[in-house]
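The structure appears right after this line, and notes come after that.
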Amino acid sequence: TASFLIFRTENVLVDVAVDGKPYYTMQPVPAHHTLGDQWHFVHIPVADSGKTVLLNTTILFAQGSNNVRAVYLATRGDFMQAMFAQKLSGYLVSALVFLLGLLYLISSNLITRQLGVHAPASFAFFCLSMGMWSMVQTGIPELLYGVTPLIHLVTYASLPFSVGMLSLYLSTLPCAPWLRQTYRVLFAYLMLHSVAAVLLDHFSVLAYVETL
């Protein structure tokens, strides 16, 4: 059965060598390009059992999060089974938070019209964004779909968006006028910051980890 060296990286380039022989090399990326979290599967033949495996890393962002973690040696099937057994409960809880936000968003207009109760959509968007962010953090979407622009967007931009939505929601609750205004200013700043970060990353001006 084929064994794989399996590991997860964040914003680093990795070269893998076995007894000095190159086995795996990540391609260089343009400046200010977000790599984000990635799972890597490097096939290790049975004939190489007992040899020394070396991982060389290149840090892309001096001020950002750069690391190699979760290193395994296993078959692909055993690894996937173990990961789903370990992460599935957290993924399902996150999905439940997302669904609650979706249901709240759909029903908020109905609640407002039928019961006359103010149901701000900002709370629904807070649940939606936090649910998506926590689902991505389990690592399951990366294993299923690989690294995509949407996963990058959720990983880096959804947290400030979530805090902004929470600030907007808090501004709808009874509070002192100065505090309500503070919440609204914070909301405006976080929304502008999130939009600017997405645009700067898209046009390779500054990566997410350089702005968020």
Calculated [θ] (222 nm, deg cm²/dmol) that DSSP helices of n ≥ 4 give over the chain, each run adding -39,500 (n - 2.57): -18500 deg cm²/dmol
Farthest toward positive dipole pole in the range 1-87 [+1 Lys/Arg, -1 Asp/Glu at C-beta], among Gln63, Ile6, Gln81: Gln81
0 to 90° range, to nearest 10: angle between helix 76-115 axis and the chain longest Cα axis: 10 degrees
Relative contact order (%) - criterion: Cα under 8 Å, at least six apart; region: the range 3-59: 53 percent
Listed residues Phe79, Phe161, Phe203 arranged by accessible area, highest first, probe 1.4 Å: Phe203, Phe161, Phe79
Other-chain or far-sequence residues with amide H under 5 Å of Ala74's (modelled H): Phe4, Ile6
With Cα atoms, 0 to 90° folded angle of helix 177-202 axis to the chain main axis: 40 degrees
Percentage relative contact order, the range 1-106, counting C-alpha pairs under 8 Å, at least six apart: 39 percent
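The values are calculated or read from the model by the stated rules, or taken from the named source; none is laboratory data. Here the structure is a predicted model, which is why all the values come from computation and not from measurement. For neighbour counting, all protein chains shown are included, and Cβ atoms are generated from backbone atoms with ideal geometry for every residue, glycine included. The area values use the complete protein model at the heavy-atom level, side chains included, leaving out ligands, DNA and RNA. Shrake-Rupley method; radii C 1.70, N 1.55, O 1.52, S 1.80 Å.
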